[in-house]
Amino acid sequence: MADSSRIVLITGASRGLGERLALHFAQKGYDLILTARSEEKLKSVAEAASAFGVRAVAIPVDLRSPSSLRDLANRLAGERIEVDILLHNAADVTSKPFLETELEEIDSLVRTNVIGMLQLTRLLAPSLARHRKGIVIMISSLAGYKTNPSQTVYSISKAAVNAAADALAAELGPQGIHVMKVALPTIGESPGAVPFEQYTRRLDRAIARRESEVFLTFSSAWLMRLYRAFPSLKRLL
Ligand SMILES: NC(=O)c1ccc[n+]([C@@H]2O[C@H](COP(=O)([O-])OP(=O)(O)OC[C@H]3O[C@@H](n4cnc5c(N)ncnc54)[C@H](OP(=O)(O)O)[C@@H]3O)[C@@H](O)[C@H]2O)c1
């Protein structure tokens, strides 16, 4: 195993990249806590992960509900489960023109992508700090660096994830919690997308080296750094 950590909690593990991350970490020998809203799908992911000989527990959670998050934290505490890696993968990835977005949709997306993610971090941070080797991974997007006009609310939420990662890294770092943000481009098999295997290879390396800001390609790393240094370039490039 590349890392000595043993238990990873993955949000949004019922489908998509979260499901594939669950199988990836299981293959590497990590025990898993898998969360999302869809209980049946989570259970089948947990079953598939268990085939690698690890313990995989499916716990339904709605990130928009503080009581659901408290139930999760209480259950982990009750079963004396201490998470080593908290992997914030879940997101509402809705793409919609801003003027067609309902107020409730804005509320739901921000609650899922930002508020729930912060609340879950708040609930689990004391346990992560106790063993002083905890890692919080926040899955962001290139859209959080350069706003995508067809994904305005989503882009704003990922910019907030980036800000949260920086702020929490500064505050929680001295308490032994490493906070990392991962800026994903499109992942998959479509032209121009980054293959999932390249994502997990890069993620494994970032965990082993305790990196703070992770890009998957050399070009995206430099372009996003250029945007940060010269924000007006975003209007030109
Ligand atoms: N796929 C890409 O190419 C890409 C590119 C850039 C960034 N990303 C980022 O990578 C992550 C995964 O993306 P994805 O494409 O795999 O997304 P996805 O297929 O839409 O899956 C999203 C996951 O989040 C869970 N989720 C959504 N709302 C939730 C809520 N209120 N409470 C709890 N769980 C909730 C969903 O499960 P339930 O519906 O069962 O709750 C699902 O498991 C996201 O953070 C996304 O922003 C992905």
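Can E100 be described as out of contact with any strand residue (DSSP E or B) (no Cβ under 7 Å at 6 or more places or on another chain), among the acidic types (D, E) and within 24 Å of S67 (Cβ to Cβ)?
Values: out of contact with any strand residue (DSSP E or B) (no Cβ under 7 Å at 6 or more places or on another chain): yes; among the acidic types (D, E): yes; within 24 Å of S67 (Cβ to Cβ): no.
So E100 fails the test.
I'm trying to understand the selection: among the residues of region 44-58, which are over 16 Å from T11 (Cβ atoms) and of a type outside the set (S, T, Y)?
Taking region 44-58 and keeping what is over 16 Å from T11 (Cβ atoms), we get 44, 47-48, 50-55.
Residues satisfying the conditions are E47, A48, A51, F52, G53, V54, R55.
Which of the residues belonging to region 76-101 are of a type in the set (G, A, S) and either touching a residue at least 24 places away in the same chain (Cβ under 8 Å) or surrounded by 21 or more Cβ atoms within 10 Å (Cβ to Cβ) (or both)?
Restricting attention to region 76-101, the residues satisfying the condition of being of a type in the set (G, A, S) are 77-78, 90-91, 95.
Across region 76-101, the qualifying residues are A77, A90, A91, S95.
So which of A73, A49 ends up being over 25 Å from V114 (Cα atoms) and either among the charged types (D, E, K, R) or within 16 Å of the ligand (Cβ to nearest atom) (or both)? Steps first, answer last, please.
Working: A73 fails: over 25 Å from V114 (Cα atoms).
Matching residue, one of A73, A49: A49.
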Give the residues of region 197-237 that are within 15 Å of the chain's Cα centre (by Cα), of a type outside the set (G, A, S) and assigned to a helix (DSSP H, G or I), sorted by residue number. Y199, T200, R202, L203, D204, I207
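Please verify whether E104 is part of a helix (DSSP H, G or I), farther than 26 Å from E211 by Cα and free of Cβ contacts under 8 Å to residues at least 24 places away in the same chain, treating the condition exactly as stated.
Details: part of a helix (DSSP H, G or I): yes; farther than 26 Å from E211 by Cα: yes; free of Cβ contacts under 8 Å to residues at least 24 places away in the same chain: yes.
Answer is yes for this residue.
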Looking at A169, A206, which is the one that is within 19 Å of L124 (Cα to Cα) and either without any contact (Cβ under 8 Å) to a residue 60 or more places away in the chain or crowded, with 16+ Cβ neighbours inside 10 Å (or both)? A169
For region 161-196: of the residues being assigned to a strand (DSSP E or B) and of a type in the set (V, I, T), which is farthest from the chain's Cα centre (by Cα)? V194
If you scan region 18-36, which residues turn out to be within 7 Å of the ligand (Cβ to nearest atom) and touching a strand residue (DSSP E or B) at 6+ places or on another chain (Cβ under 6 Å)? G18, T35
Can you tell me which residue among V45, V93, V54 is closer than 27 Å to N162 by Cα and β-branched (V, I, T)? V93
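Which one of V83, V93 is assigned to a loop (DSSP other than H, G, I, E, B), more than 11 Å from the ligand (Cβ to nearest atom) and either hydrophobic (A, V, I, L, M, F, W, C) or under 22 Å from G18 (Cβ atoms) (or both)? Explain how you work it out, then say what you get.
Values: V93 fails: more than 11 Å from the ligand (Cβ to nearest atom).
After ruling out the rest, the residue left standing is V83.
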Taking the options K158, K133, name whichever one is in a helix (DSSP H, G or I) and either more than 11 Å from the ligand (Cβ to nearest atom) or surrounded by 19 or more Cβ atoms within 10 Å (Cβ to Cβ) (or both). K158
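Throughout, read-outs are computed from the coordinates displayed, never taken from laboratory work. Since the model is a prediction, treat every value here as computed from it, not as a measurement. Positions of Cβ are generated from backbone atoms using ideal geometry, with glycine treated the same way; all protein chains shown enter the neighbour counts.
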